[in-house]
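The values are calculated or read from the model by the stated rules, or taken from the named source; none is laboratory data. This structure is a prediction, so every number in the text was calculated from the model and none was measured. Positions of Cβ are backbone-derived with ideal geometry, glycine not excepted, and every protein chain shown enters the neighbour counts. Ligands, DNA and RNA are excluded from the accessible area calculation, which covers all protein heavy atoms including side chains. Shrake-Rupley method; radii C 1.70, N 1.55, O 1.52, S 1.80 Å.
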Amino acid sequence: MKTTDRIKQLTSVDPLKQGKQPDLFVGHPFSLDYNKANILVCDDDKERVKGIAQGTFLLAFYDNEETVEEAILLRALAPAKLPTDSAMISSMIEYYKDNLPTSGKSSKLDDFTRYEFSFSGLECRVLGTFYRNGNSIEFGADLENFYSAHHYSVYKVNKDVLGYIVNQRDSPDIIPGNDNEFSIGHVRYSSSLRFQSKNEEDKAEVYIHPADLLGKRTALFGMTRTGKSNTVKKVIEATSQISSKATATLPSKSPNTIEENLKSFDTNGAPKYPVGQLIFDVNGEYANKNLQDEGTAIFEKYKTNTVRYSILEKSDADFKIMKVNFYKDIVTGFSYICASLEDEKGDYITSLKVLDFTPPLLDNEHFHEWTRYNKNKAIYFCCLNKAGFNPSTNFTVKFKADATIKKLVSEKYKELDIEKGVSLDEAESWFLCAWENINDKVFTDYKKDNGKDWFSDEMKSLMIFLTQKKDGRSVSGFDKFKKVAKMHTNTTDNSFEVDILDKPLQIDPSSPL
């Protein structure tokens with residue numbers, strides 16, 4: 001069907017008229033409130049309307065006043081208990097005790113009892129109200145008013161009204177099924193297809209508006225082998241096609257006001273800016289091809305604007321290593337270490353996890369913060385080096401120390417210009433020497449003059465990991481860092497997170513859907 005014909009069909013539907021089809025009559029409510037409706041349904045009516053599956057949409061019309069032009073939208077939930085159920089159960093038990101057939105041609109039930117036995121209750125949730133407002137029909141997601149339940153009649157919606165309901169738009173300016181929307185599939189109430197038509201023309205198609213997905217949270221659930229992965233692929237493909245219709249280039253900064261966010265889409269519903277997609281593919285369903293793809297793998301269809309990352313080293317040159325240089329991207333690398341220690345117990349581990357390696361501001365007011373930061377960073381790097389996190393060639397660290405402390409270490413170990421840069425092995429030896437002489441008069445005098453230890457609490461926590469000693473007993477220390485050593489690489493200056501954000505967004509309008 002052409003887009004114009006499809007739109008014309010959707011917009012021509014009047015649920016207040018077409019939703020009240022005599023051959024789709026379901027029953028009457030026997031209770032109704034703002035949240036729930038209980039309906040009396042006959043087995044004959046269930047069969048005639050081709051079943052009422054769980055989740056089926058129903059419309060309840062008020063019949064007592066012709067001026068009331070509204071329909072309550074209901075959704076079938078579960079069986080409801082009837083006031084006469086106790087008497088019916090008692091009667092059935094008596095028949096069963098006498099071993100009398102109660103159904104079929106051999107039924108021994110009289111006509112009245114057979115009639116009574118054919119009724120059951122249906123519990124429905126109230127979803128809202130369709131009502132006429134001038135020449136248009138609007139939907140309210142609540143119940144503004146309700147009348148006596150016995151004055152309502154309930155109908156199952158037909159294909160056209162079902163399409164109108166599932167494609168309801170909040171904005172009257174957005175026409176369902178327009179060129180900026182895409183079909184996500186058809187409404188299907190159950191896995192069983194005994195009553196549901198297999199003819200595509202008899203199914204209600206569901207369209208997705210770009211704003212329904214972009215910038216919002218969407219979840220996809222389904223049983224095994226019901227097409228979840230394929231649905232995600234279609235969403236990825238549709239988003240790419242929608243992005244190709246962007247009417248403006250990327251802004252210099254992200255929208256940061258409500259007014260700017262509201263302008264993310266033009267009046268026709270197309271995004272104003274190109275849309276990038278970040279796919280976390282744990283099982284490799286989209287980054288790799290398999291026998292089921294048959295040329296439809298995402299990375300193959302969008303080669304011009306797809307970059308693949310992998311945690312593991314791969315022979316395929318198209319894959320980039322999704323690793324972090326722990327010496328360059330300190331905050332990210334340290335967060336990986338803390339995450340790996342989440343279940344670890346011990347006060348010295350807790351002391352490590354509260355450390356903050358966010359660099360201070362670059363101004364004169366934060367000079368002392370930089371001094372403390374560089375010392376913490378130097379000891380942390382020494383721990384990484386001991387744990388097998390190989391640094392790049394000629395990697396050095398710089399830090400400051402009081403002149404008397406530098407002199408002490410020079411006498412005990414060797415003279416090093418720590419402010420110009422030393423190797424990690426030299427830095428390790430320097431800190432170990434200072435740590436072993438922490439009770440020396442030099443350190444006690446420093447504390448007396450400055451009112452604090454040269455080794456701050458943060459440095460002491462790190463030294464426990466470097467020395468693998470705490471209160472005279474052995475601890476794992478830097479060995480605990482080895483859990484995430486495979487996430488380290490010394491071949492890049494930027495982490496994959498920075499690299500992804502720096503990738504230019506390329507749009508390929510010719511990519512197929």
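Structure values in brief
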item	result
Lys108 being in contact with a Ser or Thr (Cβ under 9 Å, 6 or more places away or on another chain) and either at pLDDT below 95 or open to solvent by 60 Å² or more (accessible area, probe 1.4 Å) (or both)	yes
Some residue of segment 403-414 being among the hydroxyl-bearing types (Ser, Thr, Tyr), free of Cβ contacts under 8 Å to residues at least 12 places away in the same chain and assigned to a helix (DSSP H, G or I)	yes
Qualifying residue in segment 475-490 (condition: of a type outside the set (Gly, Ala, Ser) and more than 23 Å from Ile337 (Cα to Cα))	no
Scope segment 449-470; condition within 14 Å of Asn374 (Cβ to Cβ) and open to solvent by 60 Å² or more (accessible area, probe 1.4 Å); matching residues	Glu458
Tally, over segment 57-81, of residues that are at pLDDT below 90 and aliphatic (A, V, I, L, M)	1
Among (1) outside any loop (DSSP other than H, G, I, E, B); (2) out of contact with any Leu (no Cβ under 7 Å at 6 or more places or on another chain); (3) surrounded by fewer than 21 Cβ atoms within 10 Å (Cβ to Cβ), the one test that Lys328 misses	(1)
Pairs with Cβ under 8 Å, 6+ apart, first in segment 446-475 and more than 16 Å from Thr350 (Cβ to Cβ), second loosely packed, with under 10 Cβ neighbours inside 10 Å	Gln468/Ser474
Filter result (under 14 Å from Leu352 (Cα atoms), in contact with a helix residue (DSSP H, G or I) (Cβ under 7 Å, 6 or more places away or on another chain) and not in a loop (DSSP other than H, G, I, E, B)) within segment 468-494	Lys470, Gly477, Phe478, Phe481
Looking only at segment 313-325, and only at residues there that are surrounded by 12 or more Cβ atoms within 10 Å (Cβ to Cβ) and more than 10 Å from Thr492 (Cα to Cα), the one that is modelled with the highest pLDDT	Phe319
Where Asp142 falls short, out of the listed (1) under 15 Å from Phe61 (Cα atoms); (2) touching a residue at least 40 places away in the same chain (Cβ under 8 Å); (3) open to solvent by 60 Å² or more (accessible area, probe 1.4 Å)	(1)
Residue in segment 429-437 that is surrounded by 17 or more Cβ atoms within 10 Å (Cβ to Cβ), in contact with a strand residue (DSSP E or B) (Cβ under 8 Å, 6 or more places away or on another chain), modelled with pLDDT of 95 or more and not in a helix (DSSP H, G or I) present	no
Qualifying residue in segment 199-214 (condition: basic (Lys, Arg) and out of contact with any helix residue (DSSP H, G or I) (no Cβ under 9 Å at 6 or more places or on another chain))	no
Any hit, segment 115-125, residues being over 26 Å from Pro83 (Cα atoms), modelled with pLDDT of 75 or more and either β-branched (Val, Ile, Thr) or in a loop (DSSP other than H, G, I, E, B) (or both)	no
Given (1) surrounded by 14 or more Cβ atoms within 10 Å (Cβ to Cβ); (2) more than 20 Å from Ile330 (Cβ to Cβ), number of the condition Val422 does not satisfy	(2)
Enumeration of residues in segment 270-289 that are touching a Ser or Thr at 6+ places or on another chain (Cβ under 7 Å), open to solvent by less than 60 Å² (accessible area, probe 1.4 Å) and not basic (Lys, Arg)	Ala270, Pro271, Pro274, Val275
Residue match in segment 374-381 (condition: part of a helix (DSSP H, G or I), buried (at least 16 other Cβ atoms within 10 Å of the Cβ) and either free of Cβ contacts under 8 Å to residues at least 24 places away in the same chain or of a type in the set (Ser, Thr, Tyr) (or both))	yes
Count of residues meeting criterion [open to solvent by 10 Å² or more (accessible area, probe 1.4 Å) and touching a Ser or Thr at 6+ places or on another chain (Cβ under 8 Å)] in segment 41-50	3
